[in-house]
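Presented below is the structure to which this report refers.
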Amino acid sequence: MVTTPDGRAVPPPHADERAMLESWLDFHRATLASKCAGLDDRQLCLASVEPSSMTLLGLLQHLTMVERNWFHRVFAGLDVPPMAPASGGGFELAPDRGGDETLAEWRRAVARSRELTAGASLEDSGKLSDREAGFVGDKEVSLRWILVHMIEEYARHNGHADLIRERIDGTTGV
C-alpha cells in the first residue's frame, strides 16, 4: 500500500467502483484527522480569518453530523438525534466539548457509518426527508450517490481545513 508522507493510505489507481469510492472517502477522512493532529483545544478553536468563524473543531463537529445524517439517518433509516443546533450545521463550538471528545465522537460516527454500509449494494437506497428531496429531486438516493456526495463534502471542507491549519501554525501538506 502506498502512503503519503504523513501515513495516509493513497487510494489505489485500479480498483472496482466500491473499493475506489470507499478508499477515496477514507483518504479524505484521514486528511481531516491529519489537519487536526498535534493541536491543543485552543488551537482547534481558532478561527481562520474574519469574518469567518470556521474552526477545525467546528469542521469535526459538522462532519460528524454529516456522517450521522447521510449514513445513519438517510441510508440506514435510524432515528438519529441532531448533534448540534440545526441552524448552523454544527460549526458553532459547543463550550463544554474539547478536541479529544469531538475527535472521538467523529471516529465513532465514521466507524458506525462503515458498519451500516458494509455488505450493502451501491444500488441500495436511503430515504430523504421532504426538505432534502426538494434539493435532490427524488425521495431516495443510492449508496453510490451518498458515497460520492460524502467524498465531495470532505474534499470541500478539507480545503477549509488546509487554510485554517496553515493560519494556526504554518503547516501545509498534501
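Structural remarks
- Pairwise alpha-carbon distances in the chain exceed 19 Å for 58% of all pairs.
- With the Kirkwood sum run over all distinct C-alpha pairs, segment 1-93 has a hydrodynamic radius of 15.2 Å.
- Most tightly packed first, judged by the mean number of other beta-carbon atoms within 10 Å of their residues, the peptides 152-158, 126-132, 141-147 read 141-147, 152-158, 126-132.
- Alpha carbon centroid spacing (whole Å) that separates segment 118-162 from segment 44-64: 22 Å
- Taking N as its residue count, the alpha carbon Rg of segment 43-83 over 2.2 N^0.38 Å: 1.46
- Compactness relative to 2.2 N^0.38 Å, alpha carbon Rg of segment 1-53: 1.51
- At R0 = 41 Å, FRET efficiency that the Cβ-Cβ distance of ASP169 and GLU115 yields, to 0.05: 0.75
- Calculated FRET efficiency for the pair SER23/SER52, C-beta based, R₀ 45 Å, to 0.05: 0.90
- In terms of packing, defined here as the mean over residues of other Cβ atoms within 10 angstrom, the peptides 16-23, 41-48 line up highest first as 41-48, 16-23.
Any read-out appearing in this document is the output of simple, stated calculations on the displayed coordinates, not a laboratory observation. The model shown is predicted, which means the values in this text are computed figures rather than measured ones. Neighbour counts are summed over all protein chains in view; Cβ atoms, including those assigned to glycine, are modelled from backbone coordinates with ideal geometry.
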